[in-house]
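First up is the structure itself, then whatever we jot down about it.
The values are calculated or read from the model by the stated rules, or taken from the named source; none is laboratory data. If you're wondering where the values come from, they're calculated on a predicted model, not measured in any experiment. A quick note on method: Cβ atoms are made from the backbone with ideal geometry, for glycine too, and the neighbour counts reach across all protein chains shown.
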Amino acid sequence: MGNFSQSSSSSSDRDRSKNSESTYSEPVPLAWSEETGSDWNFRDFLGIIRRRLLVVVGVGTIVMGINANSMLNQKKEYESNFRLLVEPLNDDSKAIDVTKDANATRTTLDYESQIQVLKSPDLLSGVIQKLQKSYPEINYTTLINSLTVVRLGETKIIEVRYRGENAEKVHNIAKQISNDYLEYSLQKRQTKLRQGISFVDKQLPVLQKRVDSIQRELQFFKQKNNFVDPETQSQQIASQVNTLSQQRLAVNQQLAQARASASELTAPNGQLAALNDATVYQQLLVQVRQLEAQIAAERARFQEDNPVIRTLREKRDNLLPLLNQEAQRITNVKVAQAATQLQTLQVQSEELKKAEKRLEEQRKQSPVLARQYTELQRNLQVATESLNRFLTTRETLQIQIVQTELPWQLIQPPSKPESPASDTKRALIMGLLGSMAAGVGAAVLLDKLDNTYHTVASLKEAVKLPLIGTIPFERQLFSEQNRTNKQISAIKTVKLQHIGIPVIARVSDYGNYSEKFLEALRVLYTNIQFLGSDRPIRSIVVSSAMSSDGKSTIAFNLAKIAAAMGQRVLLVDANLRQPTIHTLSNLSNLWGLTNLISTNSPIEEVIRPYPQIKELSIITSGPTPPDPIKLLSSEKIKRLMGEFQNMFDLVIYDTPHLNELADASLLAPHTNGILLAVRMDKTDTSQLKRALDNLKLSRLNILGVVSNAQKRS
């Protein structure tokens, strides 16, 4: 080829591979978040109105026409109304404050229920019977359909309105209704109040009898169980039990001492201890000891058979039986006393134990009695409260009867209508507002159902990725694209035998495009270069979430802009399914990328210069292969991409859309990243989100997003 030097075409594959490996940048995935809903604001609302202006105008016109037609065909109606003061004013009711019922001055009328009563068939039947004498066609259905009964705000006034086609008839009917309502206010309402008093009077004796019965039952319960108060009763029983326990403890201690004394009397030491306190026994014992002392003294002087000694011995022997008898007597007395004391203490202990047991039984019964007492008290309280309520209700009803002795006041009599009640001006204004609201509502609904991006701000908010370019809508460009799409659909097969590079047509590159469109492409290219501040952007993949998003157009025009700005650019049509670049560039597609991958042809045979721009070269897709994925995932395409990058300053790959196709994902890891095209008002948001999720899983580097076909500034 004339545009390439011989040295570049003859360089070794090893050097190219080495250089290409050094130029590839590791994909660094950018952070993005899930799509989030943007806040509703006035600017968004105005944007919707501007986009859907035809819908707003169309729906509004239709609704306004329907309203206008309805107004023209509507019959004239007359209205008569009157107002009733149904409760006394506050100044007139202050006298009620002298009663004990503080709530008597408050509004007691349930207005909603009262209005339903005024519209009920039972109340209106009398009105209908009187009206049928003059207007036989009137029945409850026709009357209630034209009758309106409302409360005026929070006042004590009820307004009644009646509509009809005849002014005289409307006035007569309203007048009859007002008379019957005033009559009802005296009869029906007072009758209900008196019925209430009669019911209360019948219930009062029953309630009073019930209160008296419970009081007698409570009195009998207290007398029978010696019951004063549950808490006091429990405290008394607990105090008595404590006292008896202490007494029984003292008696048991005395009983133990008595038993110890009785057992000591049976022992010799105990008997001696008991005889120490016996006076007679001690006197006899002293005499015996004196005689023994005398006998011992006389033995020193006389023999044993001496009369003196014998006399002393006889005295002693006579005293010994008396001494023993006295000892026995004293012992028996002590034993008897101990036995008596022991028996007495045992009896006392048993009695105290029985008394304590009785109190314990009473304490166990105390909760039962307390519960019965509480239940009686509660029943008495409920019965008393019911009696008091009925007494209060009776007083209130009596006060209300006094109040209702004053009938409802007709503060505004039924008016005789002079003109139709319909307000044409107001109806027109309401119809206009309604039609505008319907149009705006339809526009908002259609906009919400339209699952696309309408503004650059909404796109940025949704994808959270750098927006590196905004391509305006170019009417001529999209007209050409439509023709291109028709040409693509017409081309089904290409024969490999016909090899050549003829130019199909010649068009001016920039003469027919607006300066705004061209300037947007220059900004896009400049922003791409700024992305590679640390490492130059040498190769990019241009793709989109959906087909027909304009990615091929962006890739083609971006390549032309980059070449026009002095870069050696190679545009590779890697869309092996529905190629477009050869049509946009007016080049033949008989020989291209598929031939380069599947054969051993040199690169120079498929690279074609773009006639209008010297620095731009193009590789078309070539014949459509049966399995594009197999070719794009081969090792040869990786090596070829490295060689492309060594030969040119910028390589742009046009690939198929991302969803359901893996073509772009296979090529992107061997480039500096993906440029994602989004067509405004066309790209489906769910499809874009799905594409972003797939790229996130693949950890591919996304350089940014290009907004395409932006119709608004």
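Here's the yes/no breakdown for (1) of a type in the set (D, E); (2) under 15 Å from I540 (Cα atoms):
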site: Q567; (1), (2): no, yes
site: N586; (1), (2): no, no
site: I597; (1), (2): no, no
site: P628; (1), (2): no, no
site: I652; (1), (2): no, yes
site: P656; (1), (2): no, yes
site: D663; (1), (2): yes, yes
message: Condition (residue is within 55 Å of the chain's Cα centre (by Cα), surrounded by 20 or more Cβ atoms within 10 Å (Cβ to Cβ), of a type in the set (A, V, I, L, M) and assigned to a helix (DSSP H, G or I)) applied to the stretch 532-553: is it met by at least one residue?
response: no
message: Within the stretch 561-591, take every residue that is charged (D, E, K, R) and surrounded by fewer than 22 Cβ atoms within 10 Å (Cβ to Cβ) and give me the one that is modelled with the lowest pLDDT.
response: R577
field: Residues located in the stretch 311-343, provided they are farther than 15 Å from L275 by Cα and charged (D, E, K, R)
entry: R313, E314, K315, R316, D317
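For the stretch 642-657, does any single residue satisfy the condition of being under 20 Å from V463 (Cα atoms) and in contact (Cβ under 8 Å) with a residue 24 or more places away in the chain?
Let us first name the residues in the stretch 642-657 that are under 20 Å from V463 (Cα atoms), namely 657.
Cutting the leftovers down to in contact (Cβ under 8 Å) with a residue 24 or more places away in the chain gives us 657.
Yes: the stretch 642-657 contains one or more residues that are under 20 Å from V463 (Cα atoms) and in contact (Cβ under 8 Å) with a residue 24 or more places away in the chain.
Being under 58 Å from the mean Cα position of the chain (by Cα) and part of a loop (DSSP other than H, G, I, E, B) narrows it down to one residue among L571, L576; which is it? Before the answer, list the steps.
Details: L571 fails: part of a loop (DSSP other than H, G, I, E, B).
The match here is L576.
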field: Matching option when the condition is part of a helix (DSSP H, G or I), among the aliphatic types (A, V, I, L, M) and modelled with pLDDT of 80 or more, among L445, L428, L459
entry: L459
query: Has the stretch 669-678 got at least one residue that is modelled with pLDDT of 90 or more, touching a helix residue (DSSP H, G or I) at 6+ places or on another chain (Cβ under 6 Å) and assigned to a loop (DSSP other than H, G, I, E, B)?
result: no
message: Among the listed residues R690, R699, R639, R679, identify the single one that is out of contact with any Leu (no Cβ under 8 Å at 6 or more places or on another chain), surrounded by 21 or more Cβ atoms within 10 Å (Cβ to Cβ) and touching a residue at least 12 places away in the same chain (Cβ under 8 Å).
response: R679
task: For the stretch 100-120, name all the residues that are out of contact with any strand residue (DSSP E or B) (no Cβ under 7 Å at 6 or more places or on another chain), at pLDDT 85 or above and either surrounded by 11 or more Cβ atoms within 10 Å (Cβ to Cβ) or not assigned by TED's automatic domain parsing to the domain that holds N179 (or both).
output: Q114, Q116, V117, S120
